[in-house]
Structure formats: C-alpha cells, structure tokens
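The next block holds one structure in the form of structure tokens; read it before the comments.
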Amino acid sequence: MELHDLKPNKGAHKERKRKGRGTASGYGKTSGRGMKGQNARAGGGVPLYHQGGNLPFFRKLPFKRGQGFNLVRRVRYAEVNLEKLEDFPADTEITPELLLEKGIIDDLKSPVKILGRGEVSVALTVKTHHISKGAQDKIESAGGSVVLIKM
C-alpha cells in the first residue's frame, strides 16, 4: 500500500452541494430556494419565533423578572465551607450563633449549610441545619460529630 492508495472509508466523506451550477446539478436556477418570496431573497427569512403575524407566544406570557420568578418557598442557605472551620480549636461546639459572632455568616434568618471544600484536622461538634455528605464524612473522620438542628 502506498500513500496515493489511501482513501476515506465509504460514506465518511460527503460532497458539498454545488448550488447554482446548472440544471443538471439539481440545484440550478433558484438554488433550492423555490420561486419568489421572503425566503428566496438574500438576507431574507423570518426569526425562529415568528408565528405568521400572530402575537408571539412569549409575549402572551405574564411579565416576570428573575430566573426563578422569586419562588416563595425557596430556602436560601447561608453556606459555610469546611475551610472556614479550620481555625477553631479542638472540641469546639460550632453553632449558627458562633458563626454569626465570628462574622462567617451575616444573619440567623437563613439556615446554615456546611459544605465540603477544605479539610478539618481537629475534632469539632457541628450543630447545623443541613450538611453535605462529603463535609459530614470529613468531620467524622477527624473525630468530630454532626448534630442536625430542625429548621
């Protein structure tokens, strides 16, 4: 086998359509655009959301702002990563009140959720509303414990 014998597999290479190259090509004269009309012109056509002159669907919907439309029952957690808890001494009981006192969270209105970024090297007792699985494993492997508080 020589380099000049190499060819792509059958069906792997598709020839492009040569539009406007005579009637024998099958795409001569109007080049597959039909006869006259908006879509036959250069730069013509309508946007995807065009509905034939009717009021577009998205304009019939009520006008709402925001990605989640401000869901009433959405729970917004005060998120705390393990790297923020690294500086506490061993056997400290970490509560939302202590986190507020240290300036780690802003207020006590939002429930606290502990997330797993960072490491914990000392045994801590963490009282929180919610905790990720990874964070709980890291705290317990360091000899600490986790207590969940009801919201």
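Descriptive notes on the structure:
- Dipole of the range 78-148 computed with +1 at Lys/Arg Cβ and -1 at Asp/Glu Cβ about the Cα centre; of S121, I94, A135, farthest Cα towards the positive end is A135.
- Dividing the helix sum by the residues of the chain, where each DSSP H run of 4 or more adds -39500 (n - 2.57), gives a mean residue ellipticity at 222 nm of -3000 deg cm²/dmol.
- E86 long-range amide H proximity, modeled H, under 5 Å: none
- Annotation: amide H of V112 within the under-5 Å range of A78, H129, H130, sequence separation 5 or more or interchain, hydrogens built in the peptide plane.
- Residues whose amide H lies under 5 Å from that of I94, counting only those 5 or more places away or on a different chain, are T125, V126, K127; hydrogens are built 1.01 Å from N in the peptide plane.
- Taken about its Cα centre, the range 9-136 carries a charge dipole of about 2480 debye when Lys and Arg each add +1 at the Cβ and Asp and Glu each add -1 at the Cβ.
- Entries of K17/K60; K60/K109; K60/K133; K102/K138; K60/K113; K10/K36 with Cα pairs more than 32 Å apart: K17/K60; K60/K109; K60/K133; K60/K113; K10/K36
- Contact order for the range 41-136, expressed relative to its length and based on alpha carbon pairs under 8 Å spaced 6+ residues apart, stands at 28 percent.
- Sorted on the mean count of surrounding Cβ atoms within 10 Å across their residues, most packed first, peptides 123-135, 39-51, 1-13, 98-110 read 123-135, 98-110, 39-51, 1-13.
- Residues T95, T23, sorted so that the one with the fewest Cβ neighbours within 10 Å comes first: T23, T95
- Debye equation applied to the C-alpha atoms of the range 78-148, log10 I(q)/I(0) at 0.13, 0.15, 0.17, 0.20 Å⁻¹: -0.29, -0.39, -0.50, -0.71
Every number here is computed from the coordinates shown, using simple stated rules; none is lab data. Given the structure is predicted, the values throughout are model-derived calculations rather than measurements. As a convention, Cβ positions derive from the backbone with ideal geometry for all residues, glycine included, and neighbour counts pool all protein chains shown.
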